[in-house]
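Below is one structure, written out as structure tokens; the observations come after it.
The values are calculated or read from the model by the stated rules, or taken from the named source; none is laboratory data. As the structure is a prediction and not an experimental result, all values here were calculated from the model. Note that each Cβ is placed from the backbone with ideal geometry, even for glycine, and that neighbours are counted across all protein chains shown. Side chains are part of the model used for accessible areas, which takes the heavy atoms of the whole protein and leaves out ligands, DNA and RNA. Shrake-Rupley method; radii C 1.70, N 1.55, O 1.52, S 1.80 Å.
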Amino acid sequence: MTYRLPPLNWLRAFETSARHMSFAKAATDLNLTSTAISHQVRSLERHLGHALFERLARGLRLTEMGAAYLPDVRRTFENLSAATTKLFGQSGMTSITVRAPVSFVTLWLAARLPRFQAEYPGIEILILSTIWADAQPDEATDIDIRFGSGAWAGYEAERLWHKPSVVVCNREVAQRGSAAKRLLEIAETRLIHVVGHENHWTEAFREIGLPMPQPSKALRVDNSVAAVLLAASSGATIVLRPYAQRAMEILPLHQPFDLELPIEQAHFLLTPIGLSNVRPEVLLFRQWIVEEAAAT
């Protein structure tokens with residue numbers, strides 16, 4: 001098979017110039033002269049038959065074709081870098097920093113992480129847990145995972161998984177009588193609300209065909225880990241289905257109803273806009289977590 005590919009050094013000159021919007025800065029990165037970078041980009045443009053940059057008095061600007069071509073070129077370099085590390089390993093121990101919501105870490109990532117560590121023992125992982133999606137990450141963060149709408153200024157967001165919420169409660173209560181009776185008994189114990197999703201209990205009662213009891217014993221917490229731990233001792237809560245599944249494996253919890261409550265938010269993997277030269281071990285983790293999320 002013959003591939004219609006331009007030389008790799010031309011593509012690298014294009015990607016680096018696009019990152020800096022400057023031939024001079026690209027030349028510094030690649031240890032070449034700006035004339036050499038300009039020549040390589042010109043050669044690439046002639047090869048493709050399209051201009052990739054507008055040459056301005058101060059700097060560069062991508063043409064429409066250049067902007068369309070850049071993401072695939074960048075992704076190709078990233079995949080090649082990750083594949084090289086995956087097959088041939090790292091030169092020594094390295095580390096990455098993962099920032100993610102505490103519930104995501106505890107009730108989803110923790111059970112899966114040993115598989116990554118077994119496959120890549122040379123990569124040490126530091127996990128920083130958060131509660132709120134708008135908290136600003138440290139500059140040293142390599143992987144940033146957030147729960148929300150998918151719109152964060154300055155970031156590109158790739159959705160990992162988007163699942164509904166379900167009710168979980170103590171196993172004894174979960175196995176009694178009809179769905180309506182179980183829900184009434186749950187209301188007599190304690191309804192645990194996760195901050196930001198307080199309307200879920202009202203929706204659950206409406207789905208079963210019952211009014212929300214007033215007043216009801218209630219407790220509000222700011223994360224799903226606290227919610228399932230409290231529910232296991234006394235009460236019930238509503239959390240994302242993957243969290244509920246993990247909680248039922250390790251706690252005396254059960255799902256008393258089949259009903260699912262849709263939510264608008266999802267978990268996203270964030271990348272700063274314009275970020276490049278990502279370390280291969282970070283790319284490996286990104287690829288791995290996207291594959292794990294697809295199987296959720």
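From the set of residues in the range 43-58 that are closer than 15 Å to ALA18 by Cα and basic (Lys, Arg), which is modelled with the highest pLDDT?
ARG55
Which residues, counting only those in the range 25-59, are touching an Asp or Glu at 6+ places or on another chain (Cβ under 7 Å) and surrounded by 18 or more Cβ atoms within 10 Å (Cβ to Cβ)?
Within the range 25-59, LEU52 is the sole residue that qualifies.
All but one of (1) surrounded by fewer than 20 Cβ atoms within 10 Å (Cβ to Cβ); (2) among the β-branched types (Val, Ile, Thr); (3) touching a residue at least 60 places away in the same chain (Cβ under 8 Å) hold for ILE250; state the number of the condition that does not hold.
(3)
Using the structure shown, decide if ARG286 is in a strand (DSSP E or B), of a type in the set (D, E, K, R) and surrounded by fewer than 20 Cβ atoms within 10 Å (Cβ to Cβ).
Here the answer is no, as ARG286 does not meet what is asked.
Return the total of residues in the range 1-22 being more than 31 Å from the chain's Cα centre (by Cα) and either aliphatic (A, V, I, L, M) or assigned to a helix (DSSP H, G or I) (or both).
Counting residues in the range 1-22 that are more than 31 Å from the chain's Cα centre (by Cα) and either aliphatic (A, V, I, L, M) or assigned to a helix (DSSP H, G or I) (or both) gives 4.
For the subset of the range 262-280 comprising residues that are farther than 18 Å from ILE96 by Cβ and either modelled with pLDDT under 85 or among the β-branched types (Val, Ile, Thr) (or both), which member is least open to solvent (accessible area, probe 1.4 Å)?
ILE263
For the range 207-238: of the residues being among the polar types (S, T, N, Q) and surrounded by 16 or more Cβ atoms within 10 Å (Cβ to Cβ), which is nearest to PRO256 (Cα to Cα)?
Of everything passing the filter in the range 207-238, THR237 is nearest to PRO256 (Cα to Cα).
I want to confirm something. Restricting to the range 59-72 and keeping residues that are closer than 13 Å to PHE23 by Cβ and touching a helix residue (DSSP H, G or I) at 6+ places or on another chain (Cβ under 9 Å), which single residue is modelled with the highest pLDDT? Let's see the steps before the verdict.
The first filter runs over the range 59-72 and keeps only residues closer than 13 Å to PHE23 by Cβ, leaving 59-61.
Add one more test, that the residue is touching a helix residue (DSSP H, G or I) at 6+ places or on another chain (Cβ under 9 Å), and what stays is 59-60.
On the way: GLY59: 85, LEU60: 91.
Filtering first and then ranking leaves LEU60.
Select from the range 5-37 the residues that are within 19 Å of ALA67 (Cβ to Cβ) and among the small types (Gly, Ala, Ser) and list them in ascending order.
ALA13, SER17, ALA18, SER22, ALA26
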